[in-house]
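Down below is the structure, laid out as structure tokens.
Laboratory data are not the source of any read-out in this text; all were calculated from the coordinates shown. No experiment lies behind these values; they were computed from the predicted model shown. Note that each Cβ is placed from the backbone with ideal geometry, even for glycine, and that neighbours are counted across all protein chains shown.
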Amino acid sequence: MKEKVIVARCESYEKSAVEKAINKIFILSDISNNHLDKVLFKPNMLSARPPEDGVTTHPAIVEATVRLLRSSKKIIGDSPANINKTVELYWEKCGYKNVSENTGVPLVKFSNSIMIELAMPDKKEEVPVVEYIKEYKVFNLPKLKTHGLTVITAALKNLYGLIPGFHKSVLHSKFISPYEFSEFLVSYYQAIKSCVFFNLVDAIISMEGEGPSAGNPIHTDYLIGGSNAVAVDMVCCSLIGLKVEDVPYLKIYKERYGLPEIEIIGDTLISVKKFHIPERKSNKIFSSKILKPFLHLLAKYFKAIPLIDHTICKKCYACREVCPVKAISQNLKFNRKKCINCLCCFEACPYKAIKIKKSFIAKLFT
């Protein structure tokens, strides 16, 4: 059976335009008549940044979705990487505090987790996931952006936020290369996809260039929805002119499980003509079965090293606070022996003052 992906043209975050587009998606996807007992609305709350920066899911999308979906009990939550900043600051900056006040739907902290087992290609892996998924269905509300490791972040990657903040950074240190991390994401999605009720991507204004936090906002003028995150991400690729093979986790998913057949309904999807995606080279060596035993050896030399541009830095210390291994000193210098190159500092910096220097091996394959 084909997976439905619904596209709705929407050129602004004006309340009536957003509600009209989301209502269309709900009707065409047959979820408008569904009634769920408990729903967790999960936006992309990557950084404590205002909506106009294009880093996080716009609060107008969250509010309209919360209002339109029928459910007995609703909550809104995400797990930002910066565990030393209060989550209340994120709620305020991203506009979700107002959403909660306007709708009466509470914001929740991801303080408790449960362990789930992932079937990785070569081993079993256990990861912590927010405890709410035991009782709540997840309504996934991603933002369409470029991403340094995964090329794009949309429906599937946004579910990574169900893992509590600090643990996300630790996992980055275990799965170092883009290919290894994408393998993890595929296994992770397979383990939790039954918990995901629907995916609705905020692609009204997306992010091109150096995403997911330091790129440039660009009008792409759509909302894209569907129950299958892989299918939704395939349509997101079409919107910004990417092939499935360009995105490591989609390529791996295709090889491992096969891609779903898609039926696109709703408005006509018109691809963006000039959407800047940082150039990536082939991942053939990293995906080679012959060289698989040597991946971890090679991965040691695959480094994207964060550097602070002190001419831009405002000394807000967001980078220092988010670092899971305390590799940044009080005078904002990196301890390279400690640094695991997880790039959490790059994602958290509100001033785009963190730059990335790639090792020779990293330059070969990204």
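What distance in nm separates the simple spin-label points at Q190 and S111, each placed 7 Å from Cα in the Cβ direction?
A separation of 3.5 nm, rounded to one decimal place.
For the chain, count all C-alpha to C-alpha pairs, find those more than 36 Å apart, and express that count as a whole percent of the total.
Of all Cα-Cα pairs in the chain, 16 percent lie more than 36 Å apart.
Stretch K337-N98 to full length: gain in nm at 0.36 nm per residue minus the Cα-Cα span?
Here the segment from K337 to N98 would lengthen by 81.8 nm.
Rounded to the nearest 0.05, what FRET efficiency do K326 and V170 have when you use their Cβ-Cβ distance and R0 = 22 Å?
Using R0 = 22 Å, I get an efficiency of 0.95.
At R0 = 45 Å, how high is the FRET efficiency between C313 and E245 if r is their beta carbon distance? Nearest 0.05 is fine.
Given R0 = 45 Å and the Cβ-Cβ separation, E is 0.75.
What aspartates and glutamates does K15 reach when the alpha-carbon gap must be under 20 Å and sequence neighbours fewer than 8 apart in one chain are set aside?
Excluding near neighbours in sequence, the set is E52, D53, E63, E92, E101, D202, D221, D267.
Within the set K20/K134; K326/K352; K243/K274, which residue pairs have Cα atoms separated by over 22 Å?
K20/K134
At a Cα cut-off below 19 Å, give the aspartates and glutamates reachable from K85, other chains included and same-chain residues fewer than 8 away excluded.
E321, E347
Remind me, relative contact order of the stretch 201-252 in percent, using alpha carbon pairs under 8 angstrom and six or more residues apart?
26
If we count GluC sites (Glu not before Pro) as exposed when they sit in a DSSP loop and have at most 15 other beta carbons within 10 Å, what is the longest stretch of the chain that avoids them all?
The longest such stretch corresponds to 136-260.
Which value in Å does the Kirkwood hydrodynamic radius of the stretch 196-276 take, with 1/r averaged over all unlike C-alpha pairs and then inverted?
Result for the stretch 196-276 stands at 13.5 Å.
Which value, in Å³ per residue, describes the convex hull spanned by the Cα atoms of the stretch 1-124?
Dividing the Cα hull volume of the stretch 1-124 by its residues yields 170 Å³.
Mind computing the radius of gyration and Dmax over the alpha-carbon atoms of the stretch 73-114? Å is fine for both.
Considering the stretch 73-114 through its Cα atoms, Rg and Dmax are 10.6, 31 Å.
Please identify every one of the trypsin sites (Lys or Arg not before Pro) in the stretch 77-142 that sits in a loop by DSSP and has no more than 12 other beta carbons within 10 Å of its own beta carbon.
K123
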